[in-house]
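Engineer: This is the structure I want to talk about, given as structure tokens.
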Amino acid sequence: MQARAALASVLAMVLALSGCAQPDGTIAPAGAPQPAESTTPPKPTTSPRPTRTKPPKPPLRPLPAKLPDGLRRNTGVGPVALTFDDGPSPAWTPKVLDQLRAARVTATFCMVGHEVQRHPELVRRIVREGHQLCNHSWRHDLDLARRPIAEIRADLTRTNKAIQAATPGAPVPFYRQPGGRWTKEVLAVAKELGMRPLHWNVDPQDWGKPTAATIAHRIHSAARPGAIVLLHDGGGDRAATLAACPRLIADLKRRYGIARLR
């Protein structure tokens, strides 16, 4: 028995030295594949990058319950004034200008800075034909008046610079807040930049694309001496506004006269 045990121990040692022993000390059967050693170095562990969070934007201030004082809402004289918003548009502004020239009346064009930058030749024509200029913000931001004062100032200044680049030296006496959503802060910035806040008191809602007859009828019904009429020459399809212009211009000229804003 002792001889057999000694022989088994010797045999186990021989097998281990010949590479047949498993890592756990057991003996692999003859012909079994041997585990291969990994040659790939372990991947270094890296600390996760810290995530950067943007600071939250300041909340928009609430709109006042009523329009603030100081808005220009009538001409102050008997004749009415025509105003056109959201241009200049290469599709519609030249046609509106043609109709104004044919009727021998002038208007105020409340222009979006981004469109001014794209179509400076139309701004030059507006000035050349005796019309007034009005700043209408850079991209028609309806919430501009609710933003921080520094953002309001930057927007209005950028728009004025675009207008001045198109027509150096041309005055920009008015500012009109998109949507008529005024706050005392935007009024203060406009005045700081030398512009009077221009509102309106006749709105046929031509932006909603009613028919030309409806636009003309709404203006006829709402107009009074000294009215400031809101129309659009940009921001979408203005075919109905254009079609309404001859009728509404003739009606306003006959009843009140049409004058340039001062």
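Just so you know, all these numbers are worked out from the coordinates, no wet-lab data involved. Computed from a prediction, not measured in an experiment: that's the story for all the values here. When we count neighbours, we look across all protein chains shown, and the Cβ atoms used for this are built from the backbone with ideal geometry, even at glycine.
Engineer: Nearest 0.05, what FRET efficiency do Arg49 and Arg128 give at R0 = 41 Å with Cβ-Cβ as r? Show your work: numbers first, answer last.
Structural biologist: On the way: r = 58 Å, r/R0 = 1.41.
That pair, Arg49 with Arg128, gives E of 0.10.
Engineer: Normalized C-alpha radius of gyration of the stretch 92-138, against 2.2 N^0.38 Å? Write down the numbers at each step before the final one.
Structural biologist: Details: Rg = 10.4 Å, N = 47, 2.2 N^0.38 = 9.5 Å.
Ratio of Cα Rg to 2.2 N^0.38 Å: 1.09.
Engineer: Work out, step by step, the length gained on full extension between Ala165 and Ala91: first 0.36 nm times the residue separation, then minus their alpha carbon distance; give nm to one decimal.
Structural biologist: Numbers: separation 74, 0.36 × 74 = 26.64 nm, distance 2.19 nm.
Gain on stretching Ala165 to Ala91: 24.4 nm.
Engineer: Expressed as a whole percent, how much of the Cα-Cα distance distribution for the stretch 100-231 exceeds 24 Å?
Structural biologist: Numbers: 2898 of 8646 pairs.
Taking all Cα-Cα pairs of the stretch 100-231, the fraction more than 24 Å apart is 34 percent.
Engineer: Quick one: divide the alpha-carbon radius of gyration of the stretch 118-173 by 2.2 N^0.38 Å and tell me what you get.
Structural biologist: On the way: Rg = 12.2 Å, N = 56, 2.2 N^0.38 = 10.2 Å.
Normalised Rg, Cα atoms only: 1.20.
Engineer: Using a basic spin-label model with each label point 7 Å from the Cα along Cα→Cβ, how many nm lie between His114 and Arg255?
Structural biologist: 3.6
Engineer: On to the next question. Evaluate the charge dipole of the stretch 170-262 about its Cα centre and quote only its size in Debye, nearest 20, assuming +1 on the Cβ of each Lys and Arg and -1 on the Cβ of each Asp and Glu. It would help to have the intermediate numbers written out before the result.
Structural biologist: Values: 15 positive and 7 negative charges, 72 e Å.
Dipole size: approximately 340 debye.
Engineer: Using a cut-off of under 19 Å, list every residue of the stretch 108-127 whose amide N is near the label point 7 Å from the Cα of Thr157 along the Cα-to-beta-carbon line.
Structural biologist: Once the point is set 7 Å along Cα→Cβ of Thr157, 113-114, 117 turn out to lie under 19 Å by backbone N, inside the stretch 108-127.
Engineer: Once the piece of chain linking Leu60 and Arg247 is laid out straight, how much longer is it, given 0.36 nm per residue of separation minus the C-alpha distance between them? Present the calculation step by step, with values, prior to reporting the outcome.
Structural biologist: On the way: separation 187, 0.36 × 187 = 67.32 nm, distance 4.16 nm.
Contour length minus the Cα-Cα distance gives 63.2 nm.
Engineer: In nm, to one decimal, how far is the Lys184 label point from the Ala213 one, both placed 7 Å along Cα→Cβ?
Structural biologist: Taking the simple label geometry, Lys184 and Ala213 are separated by 4.8 nm.
Engineer: Can you spot the lysines whose alpha carbon is less than 23 Å from Lys66's alpha carbon? Ignore those fewer than 8 places along the same chain.
Structural biologist: The qualifying lysines are Lys184, Lys191.
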